[in-house]
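One structure is given below, encoded as structure tokens.
The values are calculated or read from the model by the stated rules, or taken from the named source; none is laboratory data. Please read these numbers as outputs of a predicted model, since none were measured by experiment. Positions of Cβ are backbone-derived with ideal geometry, glycine not excepted, and every protein chain shown enters the neighbour counts. Accessible surface is based on the protein model in full, side chains and every heavy atom, while ligands, DNA and RNA are left aside. Shrake-Rupley method; radii C 1.70, N 1.55, O 1.52, S 1.80 Å.
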Amino acid sequence: MGNRGIKLKTRGIASVVLLAASLAVLTSCGDGDARDEPIRKTEFLLDTVCSVTVFSRDDEDCAAEALALCADYERRLSRTVADSEVSKINGAGGAETTVSDETAALLERALYYGAVSEGKFDVTIGGVSALWDFSSDTEDRAAPNPSDIEAALPSVGFENIELSGNRVRLKDPATRLDLGGIAKGFIADKMAEYLTEQGVESALIDLGGNIVTVGEKQGGAPWKVGIRNPLPASEGAEAIIGSVEVTGTVSVGTSGTYERFFVQDGTRYHHILDPATGFPARTDLAGITAVTEKSVDGEGITTMCVILGSDRARVYLEQNDIPAVLVKTDGTVITTGDVNYEPVSVSKDGDHDGNQ
Amino acid sequence: MTEINKPGNPIRRADIILIAALLILATIGAALVSRGGVYADDADVRITVDGALYGVYPIGEAREIVVQGNYENRIVIEAGDADVMQVRVAGATCPGKDCVHHAPIRLGGQSIVCLPNRLSVEITGGERDIDAFTY
Amino acid sequence: MTHSHTDDAPPAAEAAKRAIPRSPSSARTRIRAVTICAALAAVAFSLSYIENLIPLPIPVPGVKLGFANIATLAALYILGGRAAFAVNILRILLAGLMFTGAFAMFYALSGGILAVIAMILLKRARVFSVVGVSVGGSAAHITGQILLASLIVKNAAIFTSLPLLLISSIIAGAIVGLIVYLLLRALPRAIFRQRSGPRTH
């Protein structure tokens, strides 16, 4: 009798149970994320992709509000927006303009880095940078006429900025402000401040690769920020060269000569201009990543370091105890300060292994 | 005696054992795999052709990669928010185009292959536990 | 063309006749086998075509719901292992020529052959029923295909889809098995006459 099998009813129940079990297993292997999914908002701002990810709360509004704040600052600080504070200063023809506290603070930082870099970092490069176009996708981006650059060069010089309290004046009416090299960081700081004020305990701000970690990572582990390979992508190249670990509310910013560039007649023109020449800075650095408390400093430092070149940059970074990772165009990686850097290892058979 | 070829009962003890064993195997396999099967925006897209590494690209950056082998595959990485980000094969010259018909992949561990072109596109990572990328 | 009923013959002779495995050499048996094979192959092909119309957003190339196996499985139980092979291969060849393309055809052949072998073995073991045989067949099919795919692409990444696919193949196999069971039950007994001699109704 046993060979004949199981009775009809048992058979039926067994099949149903088995099917149900299979379905249960199938559905449980869903999108894997049983934990609360972080809220992430992304927007195209500052001519790049900006995102805010909030891990610690269900409050969607925080992330959206932070991005709205970003857009707000963009309107205030962009030289291409007609009624921004920067445009007002630029268009004042040498007269005094009153700006908001934040903009004044930003200008103060800009002046600081101008001085520290001995002019290598200069936010009055607007007259020259307006001649260059690195953002459009057109095939025929061209280097501007050297004579045009020469004509605009005299207007460059951060000593032209006269700042007292909230009043700003450009001594040379031809001088133009371009805060592109420092605004992202400044805005990221403001966004981080906002989130912290709102009581967010764990969040991540990413403004086109400029990272600010807010609070502590969930679970207590340090934040791990991967450094994208600053050298051009090639067959078999790794996506990241390594990662840095940071804790708390910290900025991890990068400047590189391969982020925005174009090639014309065999010459490569990248977007970090040397204020002394009006042309892309000649440097042996492909990229540098610095870990700083404030992102505005991070931006100023990294932009400055690219223009300084690896040797002078190292000196500055070591002297000021700044944790950083420098990548030279020949692929050499140098670290400074007590940066918690972990390079990516590639095993012999080409397998990509990010762990030790 | 001609009942030899008749089906008999649809479910027997041996069947249940077989099915249970296979299910257990599959569940164990699924558990092993799902360690990496998490949505991770720090993941990489790893492309191999004929076993050799062709390139590794971050999943967070929108990209279009054209792979030339015996045939051509056009792989598109669509970056964006969690629910938008995905990797798919947008076009191919291989016969059958199973790779194109394949659903887009999003999670670590998932992969799309093109057999005629010996191509494999997989999403790695989640293991590296990277929170963000700076560039 | 009818033969006389021979149940007057002594039981020993009868038993002896049945014990000797007779090759289906008589014209009638051959015609029967060919006809049934052809009919089943046609059914398999149609099912295959219908399956092809339903786009499955699922991992591995060449993986389908496997409903065409209803015909293969039925062939296995009605006519035997060789018929099952014939039906399956015929179906794959036809489908390959008509709509799936050469590459997919070779790929499907590998999985199909493996599946039939598995089903024959499972059936021979005699402890499994239709459902078990079917499940075993589809599990073997998908495992074989993934293995082959990973070898072709020289990358093991595709194995990550095996667990889920295995589960779905179990379910599909069980459903196919049940359908075939009901099908076989509904078929007239005459269809199962094979080696037992020229008894007719």
task = Report yes if A:Ile182 is in contact with an Asp or Glu (Cβ under 6 Å, 6 or more places away or on another chain), surrounded by 14 or more Cβ atoms within 10 Å (Cβ to Cβ) and closer than 22 Å to A:Val246 by Cβ, otherwise no.
result = yes
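Being more than 29 Å from A:Ile161 (Cβ to Cβ) and among the hydrophobic types (A, V, I, L, M, F, W, C) is the requirement here; does A:Val52 meet it?
Working: more than 29 Å from A:Ile161 (Cβ to Cβ): yes; among the hydrophobic types (A, V, I, L, M, F, W, C): yes.
So A:Val52 passes the test.
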query = So B:Val89 clears everything in (1) open to solvent by 10 Å² or more (accessible area, probe 1.4 Å); (2) of a type in the set (A, V, I, L, M, F, W, C); (3) at pLDDT 80 or above except one condition, right? Which one?
reply = (1)
query = Restricting the search to segment B:61-78, which residues are open to solvent by 20 Å² or more (accessible area, probe 1.4 Å) and out of contact with any Lys or Arg (no Cβ under 8 Å at 6 or more places or on another chain)?
reply = B:Glu61, B:Ala62, B:Arg63, B:Gln68, B:Tyr71, B:Glu72, B:Arg74
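Let's see how each residue does on (1) free of Cβ contacts under 8 Å to residues at least 40 places away in the same chain; (2) assigned to a strand (DSSP E or B); (3) more than 9 Å from chain C (Cβ to nearest Cβ):
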| residue | (1), (2), (3) |
| --- | --- |
| B:Val84 | yes, no, yes |
| B:Gly91 | yes, yes, yes |
| B:Ala103 | yes, no, no |
| B:Gly109 | no, no, no |
| B:Val113 | yes, yes, no |
| B:Pro116 | no, no, no |
| B:Ser120 | no, yes, no |
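What tally of residues in segment A:263-272 results from selecting those that are part of a strand (DSSP E or B) and open to solvent by less than 20 Å² (accessible area, probe 1.4 Å)?
1
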inquiry  = Just the residues that are more than 13 Å from the chain's Cα centre (by Cα), surrounded by 18 or more Cβ atoms within 10 Å (Cβ to Cβ), in a helix (DSSP H, G or I) and facing another protein chain (nearest Cβ under 10 Å), please, taken from segment C:105-131.
reply    = C:Met105, C:Tyr107
query = What tally of residues in segment C:151-189 results from selecting those that are in contact with a Gly (Cβ under 9 Å, 6 or more places away or on another chain), of a type outside the set (A, V, I, L, M) and in a helix (DSSP H, G or I)?
reply = 8
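Here's the yes/no breakdown for (1) open to solvent by 20 Å² or more (accessible area, probe 1.4 Å); (2) touching a residue at least 24 places away in the same chain (Cβ under 8 Å); (3) touching a helix residue (DSSP H, G or I) at 6+ places or on another chain (Cβ under 9 Å); (4) under 21 Å from A:Ala192 (Cβ atoms):
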{"residue": "A:Gly253", "(1), (2), (3), (4)": "no, yes, yes, yes"}
{"residue": "A:Phe261", "(1), (2), (3), (4)": "yes, yes, no, no"}
{"residue": "A:Thr283", "(1), (2), (3), (4)": "yes, yes, yes, no"}
{"residue": "A:Ala290", "(1), (2), (3), (4)": "no, yes, yes, yes"}
{"residue": "A:Asp297", "(1), (2), (3), (4)": "yes, yes, yes, yes"}
{"residue": "A:Met304", "(1), (2), (3), (4)": "no, yes, yes, no"}
{"residue": "A:Glu318", "(1), (2), (3), (4)": "yes, no, no, no"}
task = Identify all residues within segment C:62-104 that are outside any helix (DSSP H, G or I), touching a helix residue (DSSP H, G or I) at 6+ places or on another chain (Cβ under 6 Å) and farther than 29 Å from B:Asn9 by Cα; write none if there are none.
result = C:Gly62
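Each row is one residue, and each column tells you yes or no for (1) touching a His at 6+ places or on another chain (Cβ under 8 Å); (2) open to solvent by 20 Å² or more (accessible area, probe 1.4 Å); (3) modelled with pLDDT of 90 or more.
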| residue | (1), (2), (3) |
| --- | --- |
| C:Arg28 | no, yes, no |
| C:Ile50 | no, yes, no |
| C:Leu56 | no, yes, no |
| C:Val63 | no, yes, no |
| C:Gly66 | yes, no, no |
| C:Phe85 | no, yes, yes |
| C:Ala95 | no, no, no |
Residue in segment A:218-228 that is within 14 Å of another protein chain (Cβ to nearest Cβ), crowded, with 22+ Cβ neighbours inside 10 Å, modelled with pLDDT under 95 and more than 30 Å from B:Val67 (Cα to Cα) present = yes
remark   = Selection from segment C:164-181 of residues closer than 23 Å to B:Leu32 by Cβ, facing chain B (nearest Cβ under 7 Å) and open to solvent by 10 Å² or more (accessible area, probe 1.4 Å) yields C:Leu164, C:Leu166
ask   = So which residues in segment A:324-337 are open to solvent by 20 Å² or more (accessible area, probe 1.4 Å) and not polar (S, T, N, Q)?
value = A:Lys328, A:Asp330, A:Gly331, A:Val333, A:Ile334, A:Gly337
inquiry  = Just to be sure I understand, how many residues within segment A:205-214 are in contact (Cβ under 8 Å) with a residue 60 or more places away in the chain and crowded, with 21+ Cβ neighbours inside 10 Å?
reply    = 6
task = Please go through segment B:40-60 and pick out each residue that is part of a loop (DSSP other than H, G, I, E, B) and open to solvent by less than 60 Å² (accessible area, probe 1.4 Å).
result = B:Ala40, B:Asp41, B:Asp42, B:Ala43, B:Gly51, B:Ile59, B:Gly60
inquiry  = What's the number of the only condition in (1) touching a helix residue (DSSP H, G or I) at 6+ places or on another chain (Cβ under 9 Å); (2) without any contact (Cβ under 8 Å) to a residue 40 or more places away in the chain that A:Lys224 fails to meet?
reply    = (1)
inquiry  = Residues to consider are A:Ser164, A:Ser202, A:Ser155; find the one that is over 16 Å from A:Glu96 (Cβ atoms), free of Cβ contacts under 8 Å to residues at least 40 places away in the same chain and surrounded by fewer than 21 Cβ atoms within 10 Å (Cβ to Cβ).
reply    = A:Ser155
message = Here is a list: C:Arg91, C:Arg82. Which entry is charged (D, E, K, R) and more than 21 Å from C:Ile50 (Cα to Cα)?
response = C:Arg82
task = Determine whether segment A:130-146 contains at least one residue that is more than 15 Å from A:Gln264 (Cβ to Cβ), buried (at least 22 other Cβ atoms within 10 Å of the Cβ) and touching a residue at least 24 places away in the same chain (Cβ under 8 Å).
result = no
ask   = Does A:Ile187 count as of a type outside the set (Ser, Thr, Tyr), at pLDDT 95 or above and surrounded by 16 or more Cβ atoms within 10 Å (Cβ to Cβ)?
value = yes
